[in-house]
Amino acid sequence: MRKTIILSILFILSGGFALQAQEAFLTLVSSPGAYAESIAEDIYIRPERATTNGGTYSTDEIAKAIDGDMSTMYHSSGNGFTSPITLGFWFENTPADIDYIVYNPRTSGSNGNFKEIEVWYRQKGGENIKYGNYDFGGSASPSVVFFDETLRNIDRIQFIVKSGVGDESGKQFASCAEMQFFRKNPNNFNYSTLFTDPSCSELKPEVTIETIKQVENEFFRKLAYDIYQDRYEREFRIQEYQSYPEPTAIAKINKTARYGILDNPTGIYAKKGEDIIVLVGNTNYFLSATILLPLGRGERTTFSLRQGVNKIRAPHDGLIYILYHTPAGTEPPVKINFVTGTVNGYFDRDKHIAPGDWQRLLAQATAPCFDLKGRYSLISFETAAYRAYCLDNGLEVLEHYDDLVYSEQEFQGQVKYNTMNKTRMVLLSGTMSPGVAAYATDYLTVYGSTRDMLDLSRLKSTTNTTGGGAWMPAHEIGHVNQTRPGLKWLGMTEVTNNILSQYISIKWGVRSRLNDENMGGGKNRYQVAVDGIVTAQLPHNEHGDVFCKLVPFWQLKLYMMDVLGKTDFYKDVYQKVRVNPDPKASSNGSTLDGICQLEFVKIVCEVAQLDMTQFFIDWGFLRPVNLTVNDYATNPFIVKQADVDATIAAIAAMNLPQPPVPAGKHIYEITDSNWAGFKINPLN
């Protein structure tokens, strides 16, 4: 099977800020982009029509895969597919010569991104011929099918989609923003006449001024002069970029959403309409590019790159990122040279270690946004916000976000069980909808209030009774980390991610919101939750307050980890959820989500090696219920008595001891302020 490996560029768009005029970097050239016209582009061949044998949504027909608009897309039926879908692209009236094809996935989200496919072609008047099998892996980056030899006189190309990214119900889909077909341009510049490799970053030793004068292509002649005279800005224009595994595979193992894909910032800023010349060094990998709007909701536009000379007309202003995704993430680095675009710079925690680097780089930034690259996080907020709220302590802020991302994974057992994400969590500034402060999706999290994110006095406030500044990023990153469906059943979307929010905020020195938030009448969240669920004998999922529903999950942490010293308790619970088969709806009538709740009860008992039945009866996990729950979608949540009885019997069959508690106390009474009183002296 042919494997598609992806190296990409992303433009993160940033609006509302005009760059100051930049001094020319090509010798004696007032506008280096003007000479980009001398660089030949590969020839785009648009199909005459497209067809599919798979049903589509009425608004997502296959024609949108060739309409030249990345914001539209083809999407297969909402019912999913079980047999392969064939997408046909026709050149019947004017047969084409084709060197490579670019599959551009949808510009936001991941549903329908291609996985396993077959590529077939037909010459005019000939038979269908299979070219090869590919696995695009559900990647968010465009994938390239490069033909070993030019396919000539082609009147049809077919993509047979055998699998695609599905939803949590297990359905598979196929989607495509744009399918593009290209022929190589025979007039491409031969870089080997001057430069040591395709990145055109070093001249051959034998090159002289006289050699350079003989070059007809004006752009490359000027570039060679700058390099020869040591006038070329190299710190950010020429860099080696590391490979990373595409986050889809580890997300599947962890049963989470996908981590980020912006691990390789370039420090280069593009202006709308500018020709960005990207010279890619020696590589055996397919290349692609996408443009992401940070002030939108994760929308992207895409294009491809390949070894050698690439010319991209920037459709928007934006910071540029390299994506270099391989199956192992250990392939050799690739040298890339951005000849055009404005140097904005970025701060790398492990690279910029000299005293004053943070202040120097931030002072030099001219774009509206600036990147901070940590070990586990990539944050890209407004340049002005850094200057206003962390002018002198940017490294400390970045270290806190690295700690947050690492600590959530460590709490979930990903460090212990060696399933940590190899790519970074991305945090971006964004424009929010009314009433929305932040949101999370595959590949990124987005925030509206940058002061809360960058002002350490707010992040680490010890007097805030609603989790402090730490709560919001921990909450959104917690969404990405939610294990699904085992710890994200219906009604838990805004609950189980807050196990991590509560953990991070307290770890950062913020007071427990469950303990300190005043709910009226002198009661905190614990007391309201006990009154509303335990005392009222209410099914847990029937209570309307997400923080009250959080209480039993956090009490398990306090009791198991703090009182009993079972420090790996939640690590092992998350691992059980990861490795156990996903639950299914029962024959008794309990829904999938109801069975997830019951399975969680059994997992807790098994990991703790304690019979926690009474705790879960108290908190309503082991009560029959038939609800309609609105959790970003409205669906039934059903737990039947027969399945409750079977769960209790399964726990009883484990022959586990009862949890030790002091006389007269109940575990449902434990809080952040009284947990020490639940310890039992083993000598008594």
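Across the options 345, 359, 404, the greatest Cα extent toward the positive end of the charge dipole of segment 343-423 (unit charges at beta carbon of Lys, Arg, Asp, Glu) belongs to 345.
Which log10 I(q)/I(0) values, to two decimals, does segment 161-270 give at q = 0.11, 0.13, 0.15, 0.19 Å⁻¹ under the Debye formula with one point per Cα? Evaluating at q = 0.11, 0.13, 0.15, 0.19 Å⁻¹ gives log10 I(q)/I(0) of -0.65, -0.78, -0.88, -1.08. Against the chain, whose longest principal axis is taken from its Cα atoms, helix 218-228 shows a tilt of about 70°.
The base-10 log of I(q)/I(0) for segment 415-476, evaluated at q = 0.19 Å⁻¹, reads -0.79 [Debye formula, identical scatterers on Cα atoms, solvent excluded].
Along the axis of the charge dipole computed for the chain (Cβ charges of +1 for Lys and Arg, -1 for Asp and Glu, origin at the Cα centre), the listed residues 496, 121, 534 are led at the positive end by 534. Placing +1 on the Cβ of every Lys and Arg and -1 on the Cβ of every Asp and Glu, with no other charges, gives segment 303-394 a dipole of roughly 280 debye about its Cα centre.
Determine one quarter of the surface area of the Cα convex hull of segment 111-234, which equals its mean projected area, and express it in nm² to one decimal.
11.9 nm²
Size of the dipole of segment 480-547 about the Cα centre, Lys and Arg at +1 and Asp and Glu at -1 on the beta carbon, nothing else charged, in debye to 20?
280 debye
Comparing 664, 186, 264 along the charge dipole axis of the chain, the residue lying farthest to the positive side is 664, per the Cβ-charge model.
For the peptides 521-532, 436-447, residues were scored by their other Cβ atoms within 10 Å and the scores averaged per peptide; the highest-first order is 436-447, 521-532. For the chain, adding -39500 (n - 2.57) for each run of n ≥ 4 DSSP H residues and dividing by the number of residues yields -6500 deg cm²/dmol at 222 nm.
With only Cα atoms counted, segment 448-583 has Rg and Dmax values of 15.4, 45 Å. In this structure, residue 206 and residue 93 have a Cβ-Cβ separation that, at R0 = 51 Å, corresponds to a calculated FRET efficiency of about 0.50. Element breakdown for segment 89-233 at a 1.4 angstrom probe: carbon and sulfur atoms account for 40% of the accessible area. Computed over protein heavy atoms with a 1.4 Å probe, the accessible surface of the chain works out to 39 Å² per residue.
Distances longer than 13 Å among the Cα atoms of segment 627-684: what percent of all pairs is that? When all Cα pairs of segment 627-684 are counted, 76 percent exceed 13 Å. Taking all Cα-Cα distances within segment 370-409, those exceeding 15 Å account for 37%. If you bin every alpha carbon distance in segment 588-684 into 10 Å steps from zero, what whole percent lands in each bin? Whole-percent P(r) values from 0 Å outward: 14, 39, 29, 15, 3, 0.
Here's the list of aspartates and glutamates a cross-link from residue 162 could span, going by alpha-carbon distance under 17 Å and ignoring same-chain residues fewer than 8 apart: 116, 118, 135. Placing unit charges on the Cβ atoms only, positive for Lys and Arg and negative for Asp and Glu, gives the chain a dipole magnitude near 660 debye about its Cα centre.
A 20 angstrom limit on the alpha carbon distance is what I want to check against. Which of 602/640; 171/571; 507/557 exceed it?
From the list (602/640; 171/571; 507/557), the Cα-Cα distance tops 20 Å for 171/571.
Over all orientations, segment 340-422 has a Cα convex hull whose mean projected area works out to 6.4 square nanometres.
Of all the C-alpha pairs in segment 476-531, what % are more than 13 Å from each other? When every Cα pair of segment 476-531 is considered, 65 percent fall beyond 13 Å.
Axis of helix 468-481 versus longest Cα principal axis of the chain: the two differ by about 80°, to the nearest ten degrees. The convex hull defined by the C-alpha atoms of the chain has an orientation-averaged projected area of 34.3 nm².
Take the residue pairs 130/184; 64/576; 416/679 and return only those whose Cα atoms are more than 31 Å apart. Result: 64/576 exceed 31 Å.
Centre-to-centre, using Cα atoms only, segment 133-198 and segment 79-115 are separated by 9 Å.
Overall form of segment 201-257: prolate. Here a/c, set by the Cα gyration tensor axes a ≥ b ≥ c, is 1.5 or more, and a/b is the larger of a/b and b/c.
The values are calculated or read from the model by the stated rules, or taken from the named source; none is laboratory data. Since the model is a prediction, treat every value here as computed from it, not as a measurement. FYI the Cβ positions are ideal-geometry reconstructions off the backbone, even for glycines, and counts take in every protein chain you see. SASA here: full protein model, heavy atoms, side chains in, ligands and nucleic acids out. Shrake-Rupley method; radii C 1.70, N 1.55, O 1.52, S 1.80 Å.
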